[in-house]
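The structure appears right after this line, and notes come after that.
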Amino acid sequence: MAQSPPRALPEGSPLHLTRVLFGRPLRSSRGRREEITPIEGLSALSLDALTSVAYGPQALLLALGAGGLAALQIAPWITVAIVGLLLLLVASYLQVIVAYPTGGGAYAVARANLPTPFALLAGSALIVDYVLTVAVSIAAGVGSLTSAFPRLVPLDVPIGLAILAVITVLNLRGLGESARAFLLPTMAFIVGLLAVIAVGLVHPLAPHLHQLGTSQVATRAVEALGVLLVLKAFSAGCSALTGVEAIANGVPLFRPPRVARARTTELLLGGLLATLLLGLAVLIQRFHIEPRTHDAVLSQVIAAAIQRGWGFAALSILITLVLALAANTSFGGLPVLASLLAGDHRLPHAFAIRGDRLVFNYGIVALAVLSAGLFLFTGGNTDALIPLYAIGVFTAFTLAQSGMVRHWLRERGPGWRARIAVNAAGAAASGVATVIFVLTKFTEGAWLVVITMPLLILLFVRIRRYYDRAGRVLQLDRRQPKPQAGRTTVVVPCTGISRLTQEALSAALSLSPEVVALSVVFADDRTGGRDLEASWARWDPGAPLVVLHTEYHSVVRPILRYIGSLHPGPERRVLVLIPVVVPSSWWHEPLHNQLDHVLSAALRHRRDVVVARLPLPIRRD
């Protein structure tokens, strides 16, 4: 039999607006269309790491600048160390993808191989990292935009929130849709930077271009070139490595074979990011680039390679766009992580539910709200956010690699010794980096992350404790006796005789033969009560009317007293059936259902009473 076409939704209704914004619901069988390929994985899960070349090298040079111009000469060697750590982390996460294809990254690994507190620490670290990724990416994008167009500086916060809203809506429409929407700018960004590096290495067009702004390098060395300065520069430059773990966290988002496609994306990310970091480091040294006010390091490199012409302007706008879109990495990773935490009773179970578009709506919305709050709190200031950035992700790196060492010791599959060596090296390197971050960035704002992660762990523990207690009360793990039927009295509140009353009584009589209609009459309206009783007797609907007289102007108190007089309990159930009007437009809602609002609120916590509503729609003329 052919199915009838779906009825069109009324224009202006909340559901119609939802359909316009987020699209029609998808059948589960069409979920494959929302799964991503390795190339789409670069735009969906890797933009954070790829675009970090816009601020990672600059953060490194700013840290070295405290040692004067001479200190900048060691920047390439620090970059080589950062790239070495990058390759080690990529090799480690390739193994995580194989061992834990259900996603979750560091949390999944730590949960399976380490004591519970370490798993909760990994989960809290990843959540902090994802929220910061969104805030930093959007702040960096807006900062790049306002640098090119200074008149927009007063609007930086509204612009950032608007960008966040667009990214949120695209992700609520489906990850595949957002990945495809961001694919073109991602590819253009990669090709554009590779072209800049190639031109700069072979035949730069303006290697001695006049620099804008003033130098941010100390004229006299404020800090001696020693181990501490090198460690500070290394920790600052490692902000370019955030996002490497996102692919391992989001393996379920890929098309089958998921593991192979996720590994391909991880390899692509590692190769591209290493090439960009090393290429830019060489050009920075070749062109004698130094951090300057109102002129980003990456902008200086591009200008020296291809001049400040139309190509420079186009690439600058493109970088602004992809920096903002880099926030999409978190929208691919955090909802999956939150669903795993919810499955372990560490977050509300709603985070494990997929919406109409087959995405984890609650995780996406929660990430957007938290990121917007952080963005507003810092005023969209990238410099205030960067010091917080890497601690969470490197904590997760360390726990993931430590858990993988335990995993291979237990599994002992082919080549397990070599795998342990890789993961142990990764754990040691990322662990040392984490300690460096905490020590060198603590007073610059990292203390906030150090406080936030334990608070998140406490939240996980309290939620799990509540679910365990609820499970004991609900006896979820016990076999229950068979249900037993009892008497049910249906109470129908009404204010007069109308179609609303007739529909409610018809539904009530179909549920139980014991139906009582209730009407409350105030002391100053005795005549109205008598008229209603007379009209009811003439109508004779098959259910008695009980008129409750009260000296107070409260409808709820008399109804609650009457319900109590029925002595509801296991032997006698009481169902309160409230008829409600459903208007055609949402703005008409406040004009109806005042009795429903107050009575439902009063009965919300009554465990011995069932409350139901019978809707009566009002169609447009």
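Annotations for the structure displayed:
- Some residue of the range 592-600 being out of contact with any Gly (no Cβ under 7 Å at 6 or more places or on another chain), hydroxyl-bearing (Ser, Thr, Tyr) and at pLDDT 90 or above: no
- Among the residues of this structure, Ala523 does not count as one that is over 22 Å from Val580 (Cα atoms), touching a Phe, Trp or Tyr at 6+ places or on another chain (Cβ under 9 Å), touching a residue at least 24 places away in the same chain (Cβ under 8 Å) and surrounded by 15 or more Cβ atoms within 10 Å (Cβ to Cβ).
- Test: residue in the range 270-291 that is at pLDDT below 85 and basic (Lys, Arg): no
- Matching residues, the range 322-367, being closer than 30 Å to Ser299 by Cα and assigned to a loop (DSSP other than H, G, I, E, B): Ala326, Ala327
- The lone exception for Val582 - which of (1) in contact with a helix residue (DSSP H, G or I) (Cβ under 7 Å, 6 or more places away or on another chain); (2) β-branched (Val, Ile, Thr); (3) exposed (fewer than 15 other Cβ atoms within 10 Å of the Cβ) it fails: (1)
- Test: residue in the range 58-71 that is modelled with pLDDT of 90 or more, assigned by TED's automatic domain parsing to the domain that holds Val227 and more than 24 Å from the chain's Cα centre (by Cα): no
- Of the candidates Ala350, Ala304, the single residue that is touching a helix residue (DSSP H, G or I) at 6+ places or on another chain (Cβ under 8 Å) and surrounded by fewer than 17 Cβ atoms within 10 Å (Cβ to Cβ) is Ala350.
- Helices (runs of 4 or more DSSP H) contained in the range 97-200 and holding at least 3 residues among the hydrophobic types (A, V, I, L, M, F, W, C) and surrounded by fewer than 18 Cβ atoms within 10 Å (Cβ to Cβ): 156-173
- Within the range 56-70, being buried (at least 24 other Cβ atoms within 10 Å of the Cβ) and either over 15 Å from Lys232 (Cα atoms) or among the small types (Gly, Ala, Ser) (or both) holds for Gly56, Ala59, Ala63.
- Scanning the range 529-544 for residues that are over 11 Å from Ile497 (Cα atoms) and either in contact (Cβ under 8 Å) with a residue 12 or more places away in the chain or surrounded by 14 or more Cβ atoms within 10 Å (Cβ to Cβ) (or both) yields Gly529, Gly542, Ala543, Pro544.
- From the options Thr501, Thr452, Thr434, residue that is more than 17 Å from Ala125 (Cβ to Cβ) and either in contact with a strand residue (DSSP E or B) (Cβ under 9 Å, 6 or more places away or on another chain) or surrounded by 14 or more Cβ atoms within 10 Å (Cβ to Cβ) (or both): Thr501
- Test: residue in the range 253-266 that is assigned to a loop (DSSP other than H, G, I, E, B) and hydroxyl-bearing (Ser, Thr, Tyr): no
- Hits in the range 573-591 - residues which are touching a residue at least 40 places away in the same chain (Cβ under 8 Å) and touching a strand residue (DSSP E or B) at 6+ places or on another chain (Cβ under 7 Å): Arg573, Val574, Leu575, Val576, Leu577, Ile578, Pro579, Val581
- Of all residues in the range 257-264, none satisfies being closer than 25 Å to Ala81 by Cβ and of a type in the set (Gly, Ala, Ser).
- Residue among Ile284, Ile319, Ile289 that is of a type in the set (Val, Ile, Thr) and either surrounded by fewer than 23 Cβ atoms within 10 Å (Cβ to Cβ) or part of a loop (DSSP other than H, G, I, E, B) (or both): Ile289
- Close pairs from the range 592-616: first over 16 Å from Thr488 (Cβ atoms), partner of a type in the set (Lys, Arg) and exposed (fewer than 13 other Cβ atoms within 10 Å of the Cβ), Cβ under 9 Å, at least 6 apart: Leu616/Arg499
- Close Cβ contacts (under 6 Å, 6 or more residues apart or on different chains) running from residues in the range 285-304 that are free of Cβ contacts under 8 Å to residues at least 40 places away in the same chain to residues that are surrounded by fewer than 24 Cβ atoms within 10 Å (Cβ to Cβ) and part of a loop (DSSP other than H, G, I, E, B) are absent.
- Test: residue in the range 89-101 that is at pLDDT below 85, in contact with a helix residue (DSSP H, G or I) (Cβ under 7 Å, 6 or more places away or on another chain) and either of a type in the set (Ser, Thr, Tyr) or within 21 Å of Val438 (Cα to Cα) (or both): no
- Whichever residue in the range 375-404 is touching a helix residue (DSSP H, G or I) at 6+ places or on another chain (Cβ under 8 Å) and surrounded by fewer than 19 Cβ atoms within 10 Å (Cβ to Cβ) and, among such residues, is modelled with the highest pLDDT: Leu376
- Checked against (1) in the same structural domain as Pro579 (by TED's automatic domain parsing); (2) under 44 Å from the mean Cα position of the chain (by Cα), Pro481 passes all but a single condition, namely (1).
- Residue within the range 68-85 that is under 30 Å from Val405 (Cβ atoms), assigned to a helix (DSSP H, G or I), in contact (Cβ under 8 Å) with a residue 60 or more places away in the chain and aromatic (Phe, Trp, Tyr) present: no
- Number of the condition not met by Arg417 [criteria: (1) in contact (Cβ under 8 Å) with a residue 12 or more places away in the chain; (2) among the charged types (D, E, K, R); (3) over 22 Å from Val251 (Cα atoms)]: (1)
This table checks each residue for (1) within 12 Å of Gly380 (Cβ to Cβ); (2) touching a residue at least 40 places away in the same chain (Cβ under 8 Å).
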| residue | (1), (2) |
| --- | --- |
| Leu120 | no, yes |
| Val128 | no, yes |
| Val142 | yes, yes |
| Arg151 | no, no |
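- Test: residue in the range 529-547 that is farther than 16 Å from Leu614 by Cα, outside any helix (DSSP H, G or I) and among the hydroxyl-bearing types (Ser, Thr, Tyr): no
- Considering the conditions (1) modelled with pLDDT of 80 or more; (2) within 26 Å of the chain's Cα centre (by Cα), Val492 is excluded by exactly one of them, (2).
- The range 548-568, residues that are surrounded by 14 or more Cβ atoms within 10 Å (Cβ to Cβ), in contact with a helix residue (DSSP H, G or I) (Cβ under 8 Å, 6 or more places away or on another chain) and in a loop (DSSP other than H, G, I, E, B): Val555
The values are calculated or read from the model by the stated rules, or taken from the named source; none is laboratory data. Nothing here was measured: the structure is a model prediction, and the numbers come from that model. Reconstructed Cβ throughout: ideal geometry from the backbone, glycine too, with neighbour counts over all protein chains shown.
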